[in-house]
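Here's the structure we're looking at; comments come further down.
Where a number appears in this text, it was derived from the coordinates with a stated rule and is not lab data. Bear in mind that the values here come from a model prediction, so they are computed numbers and not experimental data. Here Cβ is always computed from backbone atoms with ideal geometry, including for glycine, and neighbour counts include all displayed protein chains.
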Amino acid sequence: MLPFSFSFFAQRRERFIKQLKGLAAIIPATSLVTHHSDVKYSFRQSSNFWYLTGFDEPGAVLLLLPYREGSRFVLFVEPKDPIAEVWHGFRWGCQGALEHFGADFAHPIAELQQRLKDYLKNAEGVAFQLGCHLDIEPLVLKAWKEQQDRLLVTGNTKSGIISPCPILHEMRMHKDNGELDRMRKAAWISAEAHEIARAFTQPGMTEHQIQAVIEQHFLMSGTQGPAYGTIVASGDNACVLHYTKNSALLRKGDLLLIDAGCSLNDYYNSDITRTFPIGGHFSSEQRIIYELVLGAQRQAIASIKPGKVAAEVHNIAIRVLVEGLIELGLLMGSVDGLIDQGAYRHLYMHRTSHWLGLDVHDVGSYQLGIQSVKLEPGYTLTVEPGIYISDRLQVPKGQPAIEERWKGIGIRIEDDIAVTFSGHEVLTSTALKDPLAMEC
Ligand code: GLY
Ligand code: MN
Ligand code: MN
């Protein structure tokens, strides 16, 4: 797969700039974050910054200035520094920002304060996300105050600071072919990891050992590694939705829930969950719940096509789950009544879908006012229903007590879906999920 070309990022900037009208956009890169002492966490670029530049270093700020014809793209970057580069690695520096990333002007980041007010001259407003970049925010406010004073003199009172996110997030929701290829690749590698992990799993191993096999595959396949904290949750641990301790021993007869996906070097992600019996076959209760979740997931996925109201994907999954749980005696009441009151939430407490892309829980609205967003070609989302019957489950008043035979069953099945012009594409179809395939 070819790297994204610079004209590709330039086209994105053009589309963004058009929507900015007379506003200056100020988009900072991610700063390094302390892990402990003088040790930093691995660097992970801000998705918005990367989306517009492809520039993968900390300590940078992007300015997009629609009102400066011919010099609208400005990067402030960490300058070249032979000693710092010995310790922390290569930097592009200002010359690299100009030549390799196509900036019209590039300056050392230390000059942001002194130069910002000049760059904001003629701005009718600023697109900057307040409250998120506290190191830079005072500089932005000061420079903007000076420009605002100038505007007030000319009688312009409409100026202000807005968030760039609504425009950028709307753009990021629509994945183009290059992005979809990357998401297919991330999905493919992640699906392979799930297949390898299931074949490797034996009673007596630890959850960490399964995590190691998965993450080894991610790294050996040339990705950055996991897109999020890999969840390897056996038995009752599967009922902890964000379980990442991964330290328990695998017991024969328990289920193993693995929620794992990789992140490519240019950040596109996958997010897959599979659940299977450890060292053998499903018990009859495990199999019943597995098939119920799988049925809900299949029906929800089948409904995905352009024009479909996104919330409907969740509603379909809920209805299948609630009908099944009533039949099994695990819920009591009418289907509509239970759904209206949310009286199933002790067994299924999360949403069925989220957008997926440069962020695992990707940006983009789910609602526009009171209307749920409608699906469009190029949107990518997960479908991940589950049922979680923890040993520690507190059954709400009015609902049936749960028999012991159901306890300790936590099942989620998660795939990544792209909306196409005619329907949908399951990006993760190479991760098996048929119950027979899960028993090895
Ligand atoms: N792995 C996080 C999620 O499924 O949303
Ligand atoms: Mn997910
Ligand atoms: Mn997941």
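Hey, with R₀ at 41 Å, roughly what FRET efficiency would SER422 and VAL33 work out to, going by the Cβ-Cβ distance, to 0.05?
Numbers: r = 43 Å, r/R0 = 1.06.
Calculated value: 0.40.
Explain nothing, just the number: relative contact order of the chain, from Cα pairs under 8 Å at least 6 residues apart, as a whole percent.
Relative contact order of the chain: 13 percent.
Rounded, prolate or oblate: which fits segment 54-171, taking a ≥ b ≥ c as square roots of the Cα gyration tensor eigenvalues, rounded meaning a/c under 1.5, else prolate when a/b beats b/c?
Cα axes put segment 54-171 in the prolate bin.
Express the relative contact order of segment 390-440 as a whole percentage, based on alpha carbon pairs under 8 Å and six or more residues apart in sequence.
23
Only Lys, Arg, Asp and Glu count, each charged at its Cβ (+1, +1, -1, -1), so figure out the dipole size of segment 253-318 about its Cα centre, rounded to 20 debye.
On the way: 5 positive and 7 negative charges, 56 e Å.
So the magnitude is around 260 debye.
How many nm separate the modelled label positions at GLU99 and LYS80, each set 7 Å beyond the Cα in the direction of the Cβ?
Here the modelled spin labels are 0.8 nm apart.
Chymotrypsin sites (Phe, Trp or Tyr not before Pro) within segment 90-132: which are DSSP loop residues with at most 13 other Cβ atoms inside 10 Å?
Passing both the DSSP loop test and the Cβ count: PHE90.
Between LYS305 and GLU376, how many nm apart are label points set 7 Å from Cα along the C-beta direction?
2.0
State which entries of LYS121/LYS158; LYS121/LYS145; LYS175/LYS374; LYS21/LYS158; LYS185/LYS374 exceed 18 angstrom in Cα-Cα distance in the structure shown.
Correct reply: LYS185/LYS374.
Would you work out which of ALA106, TYR267, GLY229 lies farthest towards the positive end of the dipole of the chain? Charges go on Cβ: Lys and Arg +1, Asp and Glu -1.
ALA106
Take every Cα pair under 8 Å in segment 108-224 that's 6+ residues apart, average their separations, divide by the length, and report that relative contact order as a whole percent.
Contact order relative to length: 22 percent.
Charges only on Cβ, +1 for Lys and Arg, -1 for Asp and Glu: so what's the dipole of the chain about the Cα centre, in debye to the nearest 20?
The dipole of the chain has a size of about 780 debye.
Given labels modelled 7 Å from the Cα in the Cβ direction, how far is it in nm from ALA110 to GLN19?
3.7
Would you mind counting up the charge near ASN246? Only other residues with Cβ under 12 Å from its Cβ, with Lys and Arg at +1 and Asp and Glu at -1.
With Lys, Arg at +1 and Asp, Glu at -1, the neighbours total -2.
Along the charge dipole of the chain, which of LEU249, THR380, GLN129 sits closest to the positive end, that is, farthest toward it, with unit charges on the beta carbon of Lys, Arg, Asp and Glu (+1, +1, -1, -1)?
GLN129
Picking from GLY204, ILE214, PHE4, whose Cα lies most toward the positive end of the charge dipole for the chain (charges on Cβ: Lys, Arg +1; Asp, Glu -1)?
PHE4
Pick out, in residue order, every one of the trypsin sites (Lys or Arg not before Pro) in segment 296-389 that is DSSP loop and has at most 16 other C-beta atoms within 10 Å; say none if there are none.
ARG345, ARG351
Net charge around LYS80, counting only other residues with Cβ within less than 14 Å of its Cβ (Lys, Arg = +1; Asp, Glu = -1)?
Here the count lands on -4.
Mean-square fluctuation check for the chain, GNM, Cα pairs under 10 Å: which of GLN45, GLN216, GLN297 is largest?
The residue that fluctuates most here is GLN216.
Take the Cα coordinates of the chain, assign each an equal point scatterer, and use the Debye formula without solvent to give log10 I(q)/I(0) at q = 0.05, 0.06 Å⁻¹.
Result of the Debye calculation: -0.22, -0.32.
Quick check for me: using +1 on Lys/Arg Cβ and -1 on Asp/Glu Cβ, what's the dipole size of segment 189-302 about its Cα centre, in debye to the nearest 20?
240
Going by a ≥ b ≥ c, the root eigenvalues of the Cα gyration tensor, does segment 283-342 fall in the rounded group (a/c under 1.5), the prolate group (a/b larger than b/c) or the oblate group? Display every interim value, and only then the final one.
On the way: a/c = 3.90, a/b = 1.34, b/c = 2.90.
Judged from the Cα gyration tensor, segment 283-342 comes out oblate (a/c at least 1.5, b/c at or above a/b).
Could you work out the helix-only [θ] at 222 nm for the chain, with each DSSP H run of four or more residues adding -39,500 (n - 2.57) and the total divided by the number of residues, to the nearest 500 deg cm²/dmol?
-11000 deg cm²/dmol
Among rounded, prolate and oblate, which fits segment 205-337 when a ≥ b ≥ c are the square roots of the eigenvalues of its C-alpha gyration tensor, a/c under 1.5 means rounded, and a/b larger than b/c means prolate? Present the calculation step by step, with values, prior to reporting the outcome.
Numbers: a/c = 2.66, a/b = 1.30, b/c = 2.04.
Oblate shape, in that a/c is at least 1.5 and b/c is the bigger or equal ratio.
Hey, can you grab everything whose amide H is under 5 Å from the amide H of VAL126? Only 5+ residues off in sequence or another chain; H modelled, so Pro and N-termini drop out.
Hits under the 5 Å cutoff: ALA24, GLY160, ILE161, ILE162.
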